[in-house]
Amino acid sequence: KLVDLEYRFHLWRFSHMKTVERIIGAKMGTGGTSGVTYLRKALELRFYPELWDVRTGI
């Protein structure tokens, strides 16, 4: 299911963010991003927002 795929990727993003937080702390990210702040915001992104909109409307 697409929702399961997104869920697993979200878990990976969270795990990655926590690892980065432990290793580099508040330093700038490797790609020139704001580091952990950028990764924390990425947790709010969804692959298929339309699926969540439909589920909410049901």
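For the stretch 20-49, the set of residues classified as among the aliphatic types (A, V, I, L, M), under 19 Å from His10 (Cβ atoms) and at pLDDT below 90 is empty. In the stretch 35-48, the residues that are closer than 21 Å to Ile24 by Cα reach residues that are of a type in the set (D, E, K, R) and exposed (fewer than 14 other Cβ atoms within 10 Å of the Cβ) with C-beta atoms within less than 6 angstrom, at least six apart or across chains, in these pairs: Gly35/Lys27. Selection over the stretch 18-58 of residues that are outside any loop (DSSP other than H, G, I, E, B), touching a helix residue (DSSP H, G or I) at 6+ places or on another chain (Cβ under 7 Å) and not small (Gly, Ala, Ser) gives a count of 6.
So, in the stretch 20-58, of the ones that are surrounded by fewer than 10 Cβ atoms within 10 Å (Cβ to Cβ) and of a type in the set (Lys, Arg), which residue ends up nearest to the chain's Cα centre (by Cα)? Only one residue fits best here, namely Arg22.
The values are calculated or read from the model by the stated rules, or taken from the named source; none is laboratory data. The structure presented is a predicted model; accordingly, all values stated were derived computationally and were not measured. Virtual Cβ from ideal backbone geometry, glycine too; neighbours counted across all protein chains shown.
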